[in-house]
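The values are calculated or read from the model by the stated rules, or taken from the named source; none is laboratory data. Keep in mind it's a predicted model, so treat the numbers as computed, not measured. Note that we place each Cβ from the backbone using ideal geometry, even for glycine, and neighbour counts take in every protein chain shown. When the accessible area is computed, the model is the full protein with side chains, heavy atoms only, and any ligands, DNA or RNA have been set aside. Shrake-Rupley method; radii C 1.70, N 1.55, O 1.52, S 1.80 Å.
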Amino acid sequence: MGLGPSLSIRQSQQLVLTPQLRQAIQLLQLSNLELDAFLAEELSKNPLLEAQPNDPDEAPAGDFASDEDSGEDAPDDPGADDLIRGTADDDRPLDMDWQSEALETDSFSDVVTSSGGEEAFDFDRVQYSAASLAQHLIDQLHGASGGVGDLARIIAETLDETGYLTVTLDQIEHLSGAPMAWIEQALELVQGLDPPGVGARSLSECLALQAKAADRYDPAMARLIDNLDLLSKGRTADMKRICGVDDEDLADMIRELRAYNPKPGCQFSGQGSEEVAPDVFVRRTRAGFAVELNQATLPRLLVNRRYYQELKSGPQNKTSRAWLSECLQSASWLVKALDQRARTIVKVVSEIVKRQQAFFERGVSAMKPMTLREVAEAIGMHESTVSRVTSNKYLLCDRGLYELKYFFGSGVASAEGDGAAAEAVKAAIKDLIDAETEILSDDAIAALLKQKGYDVARRTVVKYREAMGVGS
């Protein structure tokens with residue numbers, strides 16, 4: 001059989017994503033803060049796009065009832081706008097020069113000089129905030145000098161992110177060449193710094209340091225900390241005999257021990273906390289729950305057709321006409337895509353609120369299991385669309401700020417028949433652990449959960465307990 005080039009006809013189907021469709025998909029999965037940055041870039045590239053600030057008197061887009069429909073009066077605060085703009089009357093005490101007092105500790109650029117009322121001074125600017133655990137400890141060693149002070153700074157920089165000393169004192173002695181007595185004094189100095197428990201070499205030492213800082217390190221507490229292995233196995237009878245206490249005293253000691261932080265260094269991080277702004281608001285009305293978008297973080301995008309007519313009527317060549325037509329088409333499509341994005345988000349969140357209404361009324365204990373497919377089938381969209389809508393977006397309600405992904409998850413069988421969400425079971429386990437007077441085993445917790453109507457096995461209790469970070 002000879003090989004050679006030939007022509008053939010083949011028929012096939014394939015999905016082609018146009019640039020506009022790619023842009024619509026990209027917009028759908030962006031949060032409000034990310035979308036704001038994207039729109040700023042588009043505004044700089046397209047001269048036909050125009051951004052207008054949202055009118056505070058205009059009702060935000062969403063599936064909700066207005067104040068007039070619900071019979072509720074909007075709060076009347078005529079001085080709020082004046083305070084924001086800095087045009088309100090300045091009623092600070094006349095005999096206080098707060099600027100000169102602030103300049104004693106801050107630079108001129110760090111002092112707020114606006115006349116925006118009595119709350120104009122931003123105290124967050126002067127609040128102390130350490131960049132890392134090592135920096136926080138070194139700042140406290142400012143008065144320590146000599147060889148012991150230098151060794152204390154070395155130990156502070158050697159601690160891991162949880163606040164533990166993972167190298168031995170012999171290694172520090174070998175690397176620094178300092179006498180062991182100095183190293184022990186430096187370690188004792190570090191262990192006396194804030195937060196309590198830093199510089200420990202084991203969990204028991206970390207808890208002992210925190211007990212000493214709280215003035216609770218008595219002989220009974222010392223024996224309890226020295227026998228954490230027996231405590232983890234639930235051998236309370238042995239613990240009462242070793243510590244020489246009764247049931248009530250042992251329960252108080254265990255409760256206090258749980259209040260200590262086993263990883264004191266984790267409260268410090270080298271990276272700043274990321275700002276999270278809610279994308280959707282859910283509020284209670286007389287007719288139920290209302291869903292509305294957070295328009296405060298997004299500009300109102302319009303197509304400036306008057307400017308388009310001016311450019312079109314001017315002198316143009318073939319290239320400029322094509323460019324102008326492309327700008328108009330891109331701007332019109334972007335405005336339409338933003339409107340479709342808003343409608344899709346409200347539609348998805350409204351279905352989430354409808355299915356998890358018990359959560360908004362009674363809390364996490366009333367959450368129901370819910371999947372992306374169920375929501376997609378209910379609103380007539382694809383599962384991937386719902387997944388994009390719920391990615392990196394947050395919902396603000398009376399119970400707090402939640403990520404939209406939080407409302408999705410598997411569940412377990414319950415006495416009500418509809419099942420219970422995994423978050424509801426975790427909340428029930430946490431309530432049982434917080435309210436226990438003596439340590440409950442996983443089997444005992446599973447039995448108590450069955451009495452509450454949750455049909456869970458012991459291994460499920462172990463999985464949820466470990467997911468919450470609760471020890472055995």
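Key figures
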quantity: Check on V346, of a type in the set (A, V, I, L, M, F, W, C), in contact (Cβ under 8 Å) with a residue 12 or more places away in the chain, part of a helix (DSSP H, G or I) and in contact with a Gly (Cβ under 6 Å, 6 or more places away or on another chain); calculated: yes
quantity: Within segment 254-269, considering residues that are within 20 Å of the chain's Cα centre (by Cα) and among the small types (G, A, S), the one nearest to I433 (Cα to Cα); calculated: G265
quantity: Unique residue being farther than 18 Å from L257 by Cβ and either modelled with pLDDT under 90 or of a type outside the set (A, V, I, L, M, F, W, C) (or both) when the list is L175, L231; calculated: L175
quantity: Every residue from segment 351-384 that is crowded, with 19+ Cβ neighbours inside 10 Å and of a type in the set (S, T, N, Q); calculated: Q356
quantity: Single match in S313, S325, S273, S330 (criterion: within 21 Å of the chain's Cα centre (by Cα) and either at pLDDT 90 or above or hydroxyl-bearing (S, T, Y) (or both)); calculated: S273
quantity: Residue within segment 159-166 that is in a helix (DSSP H, G or I) and surrounded by fewer than 19 Cβ atoms within 10 Å (Cβ to Cβ) present; calculated: no
quantity: Checking L401 against (1) assigned to a helix (DSSP H, G or I); (2) more than 23 Å from Q20 (Cα to Cα), the condition it does not meet; calculated: (1)
quantity: Scan of segment 368-413 for residues that are of a type in the set (A, V, I, L, M), in contact with a strand residue (DSSP E or B) (Cβ under 8 Å, 6 or more places away or on another chain) and within 21 Å of V276 (Cβ to Cβ), ordered by number; calculated: L395, L396, L401, L404
quantity: Residues of segment 210-246 classified as open to solvent by 30 Å² or more (accessible area, probe 1.4 Å) and either charged (D, E, K, R) or in a helix (DSSP H, G or I) (or both), total; calculated: 20
quantity: Subset of segment 356-397 (residues that are closer than 17 Å to A427 by Cβ and of a type in the set (D, E)); calculated: E361
quantity: Residue match in segment 440-449 (condition: at pLDDT below 75 and either more than 26 Å from A259 (Cβ to Cβ) or in contact with a strand residue (DSSP E or B) (Cβ under 9 Å, 6 or more places away or on another chain) (or both)); calculated: no
